[in-house]
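A short write-up of the structure that comes next.
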Amino acid sequence: MSVKVNVIQRSMFPRIIDPEDIILDGMSFGCLKDGVFEDGAGDGQEAVAYHQNHIGRGIHITCDNEKRQYELTLNLPSSSEELDDFFQMTARLAKLAICEVLLNDAPFIPKKFKETKAKFQAYNLKLLHEIMSVILNEPPHTMVIGCVFHRLVAGTKEADRMWAGVNTDAYRDWMHESQRRGNFFSEARIEASEDGNEHIALFRLPMEQTVIFPDHMELPVKFYDLSTGHPKCDISRWLVEIVEGESRKVIGTMNLEAFRRVLPKEKVSYFDAGSSLIAPLSREEVNLMMKEADHA
């Protein structure tokens, strides 16, 4: 479920509207490039806006000045604060565009701002309660939540914290606390052999940096055929690529199962229902892991 705003400027002299014109005080915006979140908009002026005091799912912005089309999207369930940001951004966009604004395909009426916002916030809380109740009552059911910097996964531990509240504060706090710019989220990428007969999934792990690492062999949604739910290609090998920090120079590569086996247990802690937190690994620790994997 999402709430979406669409705007098309039809004036003979349309304004140029960029993401920085729409965001509010205290907000930033950026986009993912090669798995790393970078400040600033991407191609086609696409970006994700977030408030630094309550980082949540993010508000997706598209500003296509060539086509005079603008779009704001917020996936639900989100926090009340982020919904408030969304509607304030909608009001700002409506003022800049000076034309009809569609909210979920219906006209957005500024005079009914508070009433419309309250309706969506009530629905948002109801949706959060329903999803968390399913997680608690139908284990091992989980919920994958796309957020600003990376995805989060809610399981029974998270649902128990969030399902019973009369507001979305616990959900807001969990999303905010779990997204730290200094952490690296390791997400699989696929590389094909020269003949195209083999596909390898690689997880990158930078040394001397805290890493959020998936607990299971999983591919990002973009690698799945959404009509069937199956991967677009068969993965022959799952590997971990250990690299130096910012240079991303490859230090070594090992089989994913071997990596899990030789990774020091004291370096691993719970992150969420889908990932673990790996504490920074030194060069010496990595060298020792590589030797243990070779001799296993």
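Here, each number is a calculation from the coordinates, and none is a lab measurement. Quantities reported herein were computed from a predicted structural model and do not represent experimental measurements. FYI the Cβ positions are ideal-geometry reconstructions off the backbone, even for glycines, and counts take in every protein chain you see.
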Subject >> Lone qualifier among 115, 66 - being acidic (Asp, Glu), in a loop (DSSP other than H, G, I, E, B) and over 29 Å from residue 144 (Cα atoms) >> reply: 66
Subject >> From the options 29, 37, residue that is touching a Pro at 6+ places or on another chain (Cβ under 7 Å) and part of a strand (DSSP E or B) >> reply: 29
Original post:
In the set 131, 135, 98, which member is out of contact with any helix residue (DSSP H, G or I) (no Cβ under 7 Å at 6 or more places or on another chain), β-branched (Val, Ile, Thr) and closer than 30 Å to residue 163 by Cα?
Top reply: 131
Subject >> Residue count, the stretch 117-147 (criterion: closer than 16 Å to residue 80 by Cα and touching a Phe, Trp or Tyr at 6+ places or on another chain (Cβ under 7 Å)) >> reply: 3
**OP:** State which residue is nearest to residue 56 (Cα to Cα) when the search covers only the stretch 138-169 and only residues that are of a type in the set (Gly, Ala, Ser) and over 20 Å from the mean Cα position of the chain (by Cα).
**Re:** 165
**OP:** State which residue is farthest from residue 89 (Cα to Cα) when the search covers only the stretch 111-152 and only residues that are loosely packed, with under 15 Cβ neighbours inside 10 Å and among the polar types (S, T, N, Q).
**Re:** 137
Original post:
Looking only at the stretch 77-88, which residues are over 18 Å from residue 146 (Cβ atoms) and either buried (at least 22 other Cβ atoms within 10 Å of the Cβ) or touching a Phe, Trp or Tyr at 6+ places or on another chain (Cβ under 7 Å) (or both)?
Top reply: 87
**OP:** Would you point out which residue out of 187, 158 is of a type in the set (Asp, Glu), in contact (Cβ under 8 Å) with a residue 40 or more places away in the chain, touching a strand residue (DSSP E or B) at 6+ places or on another chain (Cβ under 9 Å) and more than 27 Å from residue 250 (Cα to Cα)?
**Re:** 158
